[in-house]
Amino acid sequence: MIVLRRRVGQAICIGNDIRIVITEVEPNTRAHLGIEAPTSIPVHRLEIYEKIHQENCAATQGDTMAWLKGAANDS
Amino acid sequence: MTHKEQAWKAIVEVEQAETFRFPQGMVGFPDANDYVMLNSGHGDIVCMQATNRVEAAFLVTPWDKKRLGKQPDLSADQQACLQDPDENKLLWLVVLNPFSDPAWVLANLRAPVAINLDTSQGMQCIQGNPQLDLHFHWMRQPGQAQQAA
């Protein structure tokens, strides 16, 4: 992992299209980031993204068509 | 007409016009970009099947305003990704998970799917609202429903 020291108002860039600006730092708590990225690149809080990833994997872990056919037979 | 061959299963014939394009894929499936809707007749639940990855198959059902309240809002980025859809041509779907709970089919309200019916373009829209339930009890498992009756 690359670790960069930045002050409020300073930025880093990732590739040509992504800029991350430090907008505010709360003492010993949180950093506020401003992110400029193309709309084709989704930006999410990691913990939320990981939860959704986990849910999508759980939702596809079985045979969905078999479940659907079984449900149709049961109804 | 396009032939999508799943090597170990079958050839599925797909009308090009009935394919939905997800430029970003679904979360966790970024390379599964084209989906078709397959229905085997259980109410309004359909299988959203990726045409290039057999394991990317999601059960989805329309967002039910009576049960869930108004449909989510699109963020500015989501609007742009979906090519500024007309609200009336936007289809909201909930992803169902029938595999994790033996008694209930669960619905993920935190990351519904939006499809722009004008452009056949879709995306999974992660919602910022932490009140939205990841494991909403959508319906009893069909076998369980019969036992309860």
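For chain A, the pair-distance distribution built from all alpha carbon pairs, in bins 5 Å wide starting at 0, is 3, 11, 13, 15, 14, 10, 8, 6, 5, 6, 5, 3, 1 percent. Averaged over the residues of B:23-29, the number of partner chain Cβ atoms lying within 10 Å of the residue Cβ comes to 5. Proximity of backbone amide H atoms, modeled 1.01 Å from N, is registered between B:F22 and B:D34, B:Y35, B:G122 at under 5 Å, excluding neighbours fewer than 5 places apart on the same chain.
Once the C-beta distance of A:R7 and A:I41 is scaled by a Förster radius of 30 Å, the resulting FRET efficiency is 0.75 to the nearest 0.05. Normalised by 2.2 N^0.38 Å, with N the number of residues, the alpha-carbon radius of gyration of region B:16-148 equals 1.05. Using θ = phi - 60° in the Karplus curve 6.51 cos²θ - 1.76 cosθ + 1.60, the 3J(HN,Hα) couplings for region A:31-43 round to 10, 9, 10, x, 10, 10, 8, x, 5, 6, 9, x, 10 Hz; x is entered for Gly and Pro.
Leaving ligands, DNA and RNA out of it, report the carbon-plus-sulfur percent of the accessible area of the protein assembly as shown at a 1.4 Å probe. Whole-percent figure for carbon plus sulfur exposure: 50. Rounded to the nearest Hz, the phi-derived 3J(HN,Hα) couplings of region B:89-100 under the Karplus curve 6.51 cos²θ - 1.76 cosθ + 1.60 (θ = phi - 60°) are 10, 9, 9, 9, 10, 9, 7, 9, 10, x, 9, 8, where x marks glycine and proline.
Segment B:D133..B:A103, full-extension length gain: 9.1 nm, with 0.36 nm per residue of separation and the alpha-carbon distance subtracted. Were the residues from B:M37 through B:Q79 laid out at 0.36 nm apart, the gain over their Cα-Cα distance would be 12.8 nm. Distance between the pseudo-spin-label points of A:D17 and B:E55 (7 Å out from Cα toward the beta carbon): 2.7 nm. The B:Q24 and B:N88 beta-carbon pair, evaluated with R₀ = 30 Å, returns a calculated FRET efficiency of approximately 0.80.
For the pair B and A, the buried accessible area comes to roughly 2800 Å² in total, with a 1.4 Å probe and the value rounded to the nearest 100. 3J(HN,Hα) along region B:132-142: 6, 7, 7, 10, 5, 6, 7, 7, 5, 4, x Hz, from the Karplus curve 6.51 cos²θ - 1.76 cosθ + 1.60 with θ = phi - 60°, whole Hz, x for Gly and Pro. Modelled this way, with points 7 Å down the Cα-to-C-beta line, the labels at A:A66 and A:A31 are 4.7 nm from one another. Report summary: the helix-based calculation at 222 nm, which adds -39500 (n - 2.57) for every DSSP H run with n ≥ 4 and divides by the residues of chain A, gives -10500 deg cm²/dmol.
With 0.36 nm allotted per residue and the present C-alpha distance subtracted, the B:T119-B:D64 stretch has 17.5 nm of extension available.
Kirkwood analysis of the Cα pair distances in the protein assembly as shown returns a hydrodynamic radius of 19.3 Å.
The values are calculated or read from the model by the stated rules, or taken from the named source; none is laboratory data. Not measured: the values here are computed from a predicted model. Reconstructed Cβ throughout: ideal geometry from the backbone, glycine too, with neighbour counts over all protein chains shown. Heavy atoms of the whole protein, side chains included, go into the accessibility calculation; ligands, DNA and RNA do not. Shrake-Rupley method; radii C 1.70, N 1.55, O 1.52, S 1.80 Å.
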